[in-house]
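Novice: Just dropping this structure here.
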Amino acid sequence: MLSNTLDGVKMLHHDEMRNYDRIQGKLVSVIMNHGCKIIETPSFEDYDVYQHYFPQLRQQMVKTIDTDGRVLVLRPDVTVPLVETAAREFPRANQLLKFGYVSTVFREYFGRSTYGKDFLQGGIEILGDPSPECDGEVIVMAAEILKAVGVEHIRIDMGTAAYTQALFDGLPLEEAQKQTLRQYMAERNLVAFGKYLSGLSLDSEARKALEAIPVLFGPYAETLSKARGYCINSGMRNALTRLEKVYDYILYAGYADKVQLDFGFTSTLGYYTDMVFKVYVDGALYDVIDGGRYDKLSAQFGVDRPACGFGMNINLLYEFMSDAGLLEDAQPSFQLAVSYTDSDQTLIRDLMQWRQRGFRVAAYPDSSFIDSGDYSIHAVYRNHSYYKDGREMSAHDLEDMMRGL
C-alpha cells in the first residue's frame, strides 16, 4: 500500500472550497468595480526569465523539462508573465491596461500554523499609468478587498524604493559594496549592516541616512518629517514628494488612519522602482498583501511602460479569517440523502426533477455509508415510496421540507 505524503501539499475539502470561493468572489467584485479585466496567465514559464528576476527563489521553483529540452518552471509569480504577455499583445506603451486575477502560485509560504508549496494568489496589475493616483488606487483596492471579506482591522505599511535608490545612487561606493549593504538591509541584519557600514569611507550625512533607513518606520507625519531630514539629494526629496501624493489619495478615500510609513522593508521580488507597500491584518505577524510600482519591468520585454500592482496570499488570509471566526460555518453538501435497496424509474425521475429545480440531492444504495453531517434530510426509498423516520412521504412532501431549510 502506498502511503507517501508530501509536506506542504493538501487537499481542500468542501467547506474550505466554499469559503475560498466566497473570498475569491468578493475579491473579483471589488477589482471589477475598479475596471479591471479578469485574466489567467500561463502555468509554465521559462526558467531563465525567473532566474533573472528571482535568483533568491531558484531553490524553491518547481522545475520541469519541456519536450524540446528547455527548462520550465511552474509560475512562482504572476506579474512577470502578465507583463510579458501584455508587451506582446498590447504593444502601445501608453495604453491603459487594468488586469485582475486569481491564480495558483508555486512557491513556499509560511503562516502562523500553516505551510505550503503553493498558494492561491489574487491581485491586480495596472499598466500604462505612471501617476501617484494610480498607486493610491492600488492600495485602496487592497484595503477594500479585506473590508469586503469582513477584515476591518488592518495596517498598511508604505514606503518607497525610489528614496533608497536615490540615496545609493549618490554614494561614492563600488557596486559590490552597495549590494552588500542592500543585502543586509533586506535581511534586517542590523548588526552586520552596522559593522560593514563602519568600514566604509562616507561623509557624515550619507552615513547618518544609511544608519537611519533600516529603522525608519512609524506614524505617517512623524516618519515623513524624519525622512526629509535625511535627504542628501533631489532624488530622495522627489521620492518623498511623490509619496505624499499617494498618501493624499488614500486620505481622500478614507483609509489614511490605516497607514504608517516604513522605509526599511524590502521585497523578495526584485523589480520595484518606487512606492512599495504591505498590508497586515490584526494579530498576524506576516503580511497578506504586498505590492508596489515597477516601471522598468515591461521594458525588459520590449515595451517601456509604467506599472503598479499587488498580490494577495489568499491562503494566509484564509488562515487569519479562520482564527478570527470570519469564515462561514460548515454546511451539509446536499439537502436530501435518499438511501435505497433497488433503484427504479420513479426514483431516478424524482432525483432529476429535484436537481433541475436547484435542490442538492444524493441517492445511494443501502450498502454504502454516508456521513450524517453531509446532509440535512434523510429518507428511505422502498417499493416506489419514500419514508422518513418510519412515516411514508411523497416526493412533494420531501421537496417542501427542502424548501423550508
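The values are calculated or read from the model by the stated rules, or taken from the named source; none is laboratory data. Fair warning: this is a prediction, and the values are worked out from it, not measured in the lab. Because the Cβ atoms are built from the backbone with ideal geometry, glycine has one as well, and the counts that use them run over all protein chains shown.
Condition check ((1) out of contact with any Gly (no Cβ under 8 Å at 6 or more places or on another chain); (2) at pLDDT 95 or above; (3) closer than 18 Å to Ile23 by Cα) across all residues:
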residue: Gln95; (1), (2), (3): no, yes, no
residue: Lys98; (1), (2), (3): no, yes, no
residue: Val102; (1), (2), (3): no, yes, yes
residue: Glu108; (1), (2), (3): no, no, no
residue: Tyr115; (1), (2), (3): no, no, no
residue: Leu127; (1), (2), (3): yes, yes, no
residue: Glu137; (1), (2), (3): yes, yes, no
residue: Val140; (1), (2), (3): yes, yes, yes
residue: Gly159; (1), (2), (3): no, yes, no
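Novice: Please note which helices (runs of 4 or more DSSP H) are completely contained in region 162-237 and include at least 1 residues that are more than 26 Å from Arg293 (Cβ to Cβ). Quick ask: steps written out before the conclusion?
Specialist: Details: elements: 175-186, 190-198, 204-212, 220-229.
Hits in region 162-237: 175-186, 190-198, 204-212.
Novice: So which residues in region 304-322 are of a type outside the set (S, T, N, Q), part of a strand (DSSP E or B) and within 14 Å of the chain's Cα centre (by Cα), if there are any at all?
Specialist: Of everything in region 304-322, those that are of a type outside the set (S, T, N, Q), part of a strand (DSSP E or B) and within 14 Å of the chain's Cα centre (by Cα) turn out to be Gly309, Phe310, Gly311, Met312.
Novice: Looking at (1) exposed (fewer than 15 other Cβ atoms within 10 Å of the Cβ); (2) under 25 Å from Asp295 (Cβ atoms), find the lone condition where Lys63 falls short.
Specialist: In the conditions (1) exposed (fewer than 15 other Cβ atoms within 10 Å of the Cβ); (2) under 25 Å from Asp295 (Cβ atoms), Lys63 misses (2) alone.
Novice: Would you check if there is a residue in region 375-398 being among the charged types (D, E, K, R), part of a helix (DSSP H, G or I) and in contact with a strand residue (DSSP E or B) (Cβ under 7 Å, 6 or more places away or on another chain)?
Specialist: From region 375-398, those among the charged types (D, E, K, R) are 382, 388-389, 391-392, 397; that's our starting set.
Still in the running and part of a helix (DSSP H, G or I): 397.
In the following step, the residues that additionally are in contact with a strand residue (DSSP E or B) (Cβ under 7 Å, 6 or more places away or on another chain) were identified as none.
No, region 375-398 contains no residue that is among the charged types (D, E, K, R), part of a helix (DSSP H, G or I) and in contact with a strand residue (DSSP E or B) (Cβ under 7 Å, 6 or more places away or on another chain).
Novice: Follow-up question, since we're still on this one. Taking region 354-371 as the search range and keeping residues that are surrounded by 10 or more Cβ atoms within 10 Å (Cβ to Cβ) and either in contact with a Ser or Thr (Cβ under 6 Å, 6 or more places away or on another chain) or among the hydroxyl-bearing types (Ser, Thr, Tyr) (or both), which one is nearest to Ser333 (Cα to Cα)? Steps first, please.
Specialist: Kept after step one, since they are surrounded by 10 or more Cβ atoms within 10 Å (Cβ to Cβ), are these residues of region 354-371: 354-355, 357, 359-366, 370.
After this cut, where a residue has to be either in contact with a Ser or Thr (Cβ under 6 Å, 6 or more places away or on another chain) or among the hydroxyl-bearing types (Ser, Thr, Tyr) (or both) as well, the list is 364, 366.
On the way: Tyr364: 15, Asp366: 19 Å.
Filtering first and then ranking leaves Tyr364.
Novice: Identify, by number, the condition in (1) assigned to a loop (DSSP other than H, G, I, E, B); (2) touching a strand residue (DSSP E or B) at 6+ places or on another chain (Cβ under 9 Å); (3) more than 21 Å from Asp135 (Cα to Cα) that Gly35 doesn't meet.
Specialist: Condition not satisfied by Gly35: (3).
Novice: If you go through region 236-267 one residue at a time, how many are modelled with pLDDT of 95 or more and farther than 19 Å from Glu211 by Cβ?
Specialist: Final tally of qualifying residues: 22.
Novice: Let me ask something else about it. Ser298 - would you say it is without any contact (Cβ under 8 Å) to a residue 24 or more places away in the chain and more than 17 Å from the chain's Cα centre (by Cα)? Can you show your working first?
Specialist: On the way: without any contact (Cβ under 8 Å) to a residue 24 or more places away in the chain: no; more than 17 Å from the chain's Cα centre (by Cα): yes.
For Ser298, the condition - without any contact (Cβ under 8 Å) to a residue 24 or more places away in the chain and more than 17 Å from the chain's Cα centre (by Cα) - is not met.
Novice: Another one. Is there any pair with a first residue in region 336-355 that is over 17 Å from Asp366 (Cα atoms) and a second that is surrounded by fewer than 11 Cβ atoms within 10 Å (Cβ to Cβ) whose Cβ atoms are under 6 Å apart and which are 6 or more apart or on different chains, and what are they?
Specialist: Cβ pairs passing all conditions: Thr346/His384.
Novice: Take the residues in region 129-147 that are more than 14 Å from His34 (Cα to Cα) and not charged (D, E, K, R), then tell me which one is surrounded by the most Cβ atoms within 10 Å (Cβ to Cβ).
Specialist: Leu146
Novice: If you don't mind, there's one more thing I want to ask. Filter region 213-240 down to residues that are touching a residue at least 40 places away in the same chain (Cβ under 8 Å), closer than 14 Å to Phe168 by Cβ and of a type in the set (A, V, I, L, M, F, W, C), then give me how many there are.
Specialist: Total satisfying the criteria: 4.
For (1) among the aromatic types (Phe, Trp, Tyr); (2) closer than 30 Å to Met321 by Cα, each residue gets a yes or a no:
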| site | (1), (2) |
| --- | --- |
| Pro55 | no, no |
| Arg75 | no, yes |
| Val80 | no, yes |
| Gln95 | no, no |
| Val102 | no, yes |
| Tyr109 | yes, yes |
| Phe119 | yes, yes |
| Asp129 | no, no |
| Ala143 | no, yes |
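Novice: Quick one: would you say Gln51 is free of Cβ contacts under 8 Å to residues at least 24 places away in the same chain and surrounded by fewer than 12 Cβ atoms within 10 Å (Cβ to Cβ)? Before the answer, list the steps.
Specialist: On the way: free of Cβ contacts under 8 Å to residues at least 24 places away in the same chain: yes; surrounded by fewer than 12 Cβ atoms within 10 Å (Cβ to Cβ): no.
Against the criterion (free of Cβ contacts under 8 Å to residues at least 24 places away in the same chain and surrounded by fewer than 12 Cβ atoms within 10 Å (Cβ to Cβ)), Gln51 does not qualify.
Residue by residue, here is whether (1) surrounded by fewer than 21 Cβ atoms within 10 Å (Cβ to Cβ); (2) within 17 Å of the chain's Cα centre (by Cα); (3) not assigned by TED's automatic domain parsing to the domain that holds Val259 holds:
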| residue | (1), (2), (3) |
| --- | --- |
| Gln95 | yes, no, no |
| Leu120 | yes, yes, no |
| Ile124 | no, yes, no |
| Leu127 | no, no, no |
| Asp157 | yes, yes, no |
| Asp169 | yes, no, no |
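Novice: So Asn33 clears everything in (1) surrounded by 14 or more Cβ atoms within 10 Å (Cβ to Cβ); (2) polar (S, T, N, Q); (3) modelled with pLDDT of 95 or more except one condition, right? Which one?
Specialist: For Asn33, the failing item is (1).
Novice: Here is a follow-up. Among residues belonging to region 188-212 that are among the charged types (D, E, K, R) and under 34 Å from the mean Cα position of the chain (by Cα), point out the one that is modelled with the lowest pLDDT.
Specialist: So in region 188-212, the residues among the charged types (D, E, K, R) come out as 188, 195, 203, 205, 207-208, 211.
When the remaining residues are screened for being under 34 Å from the mean Cα position of the chain (by Cα), the result is 188, 211.
Details: Arg188: 84, Glu211: 95.
So, considering only residues that are among the charged types (D, E, K, R) and under 34 Å from the mean Cα position of the chain (by Cα), the one modelled with the lowest pLDDT is Arg188.
Novice: Criterion first (closer than 17 Å to Pro306 by Cβ, in contact (Cβ under 8 Å) with a residue 60 or more places away in the chain and among the β-branched types (Val, Ile, Thr)) does Val78 satisfy it?
Specialist: Working: closer than 17 Å to Pro306 by Cβ: no; in contact (Cβ under 8 Å) with a residue 60 or more places away in the chain: yes; among the β-branched types (Val, Ile, Thr): yes.
Answer is no for this residue.
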